[in-house]
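Let me begin by presenting the structure, written as structure tokens, before commenting on it.
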Amino acid sequence: MKEFLSVSFLILFLATSPVAARQQADRQADDKPAQPFQVFDNLYYVGFESACAWVIKTSQGLILIDSGYVNMLDHIPGAMRQLGLNFSDGKYLLINHAHTDHTGAANHFKELNRGLRIGMAEGDWQFQASGTYMNSQGIPRKFTAIPRDMVIKDQETLTLGDTTLKFHVLPGHTPGDTTIEFMAIDGNRRYKTFLFSGLGTAFTGARAAQEHLDKIKRIMAAPDVQVTLSDHTMGIDLFEKAAKLKARRPGDAHPFVDGPAAFSRAMQPRLADAEKKLAEERAANRP
Ligand SMILES: [Zn+2]
Ligand SMILES: [Zn+2]
């Protein structure tokens, strides 16, 4: 969600180094590969200590969600191997949003597996097409753009074998920020899952703010959401839950199944942000 640089580190770099070195440091951020683990029967965590990356297993192959960083491009293929998943079984790489902590290794993945389709929303295809954007510290982040492939659309679904994903595109954190809905499977139980992306409000104008607020409300109205996941580990207590999962005994509840109340709690700050943004845009007379 956020671009990671500790404040002292950032100040040091702003004070002492040329732009190229800053960009280099910026790309590497202060994230590290995490121990991969199976979350549900059909869901695997293959990401980092902060930025998430996931694999959904279907009857017709694998769906990867986010690619991680360009300077750690071997991590996800290795993590998949460790979990008994074949990288070459990947059919799709879907991008939650086009910041480089989620897209950095995408071109490498395509080289490893030419059949992999890369999907993201139109706004993010355009956002990343020039190979540069300003990160949250206002530092230009340069990268190799991903050649245009599959366009994800709001409210559309994607079916692979026995699995259907539904997309909720909410421009805000990036212009094509995409939350993904699917069913997580635990034995004979299936749980409605929302895998959120950034959900910020980095846009201008009351119309965009109203649209964002409407979509937040639409998501909050989704009934019976049992599992709340995200594009970053903080906020979803990923590693605490992973430790509980490891210690889980037969008959214990699944620690990632939080229930609709937790989903609602997670959405409340997003709703407040969206309402505040709309009020600001109206007050400033920005249509
Ligand atoms: Zn981001
Ligand atoms: Zn991120």
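Bear in mind these aren't lab numbers, they're just calculated from the coordinates by the rules spelled out. These figures come from a predicted structure and were not determined experimentally. When we count neighbours, we look across all protein chains shown, and the Cβ atoms used for this are built from the backbone with ideal geometry, even at glycine.
Numerical summary
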| read-out | value |
| --- | --- |
| Protection-proxy order for peptides 32-43, 128-139, 96-107, 223-234, each taking the mean of Cβ atoms within 10 Å per residue, highest first | 96-107, 223-234, 32-43, 128-139 |
| Computed over the chain: relative contact order in percent, which uses C-alpha pairs under 8 Å that are six or more apart | 14 |
| Rg [Å, one decimal], Dmax [Å, integer] - the stretch 48-143, C-alpha atoms | 13.3, 43 |
| Span per principal axis, largest first, for the Cα atoms of the stretch 169-208 (Å) | 46, 15, 11 |
| Cβ-based net charge around GLU122, under 11 Å, with every Lys or Arg adding one and every Asp or Glu removing one | 0 |
| Nonlocal amide H pairs with ALA121, under 5 Å, H built at 1.01 Å | ILE152 |
| For ASP231, distant residues with modelled amide H under 5 Å away | PHE196 |
| Listed peptides 65-77, 235-247 by packing density, highest first (mean Cβ within 10 Å) | 65-77, 235-247 |
| Out-of-range pairs (alpha-carbon distance over 21 Å; input LYS217/LYS277; LYS32/LYS166; LYS217/LYS276; LYS166/LYS192; LYS57/LYS110; LYS153/LYS215) | LYS32/LYS166 |
| Considering only the chain, percent of DSSP beta bridges that pair antiparallel, nearest 5 | 70 |
| The chain - Kirkwood radius from inverse mean 1/r over Cα pairs (Å) | 19.5 |
| Net charge, ARG190 excluded, C-beta distance under 13 Å - Lys, Arg +1, Asp, Glu -1 | -3 |
| Rounded Å value of the spacing that divides the Cα centres of the stretch 32-57 and the stretch 184-198 | 14 |
| Per-q log10 I(q)/I(0), the stretch 136-228, q = 0.23 Å⁻¹ (Debye; single scatterer per alpha-carbon; no solvent) | -1.24 |
| Inter-probe distance in nm under a simple model that places probes 7 Å from Cα toward Cβ, at ARG81 and GLU111 | 1.6 |
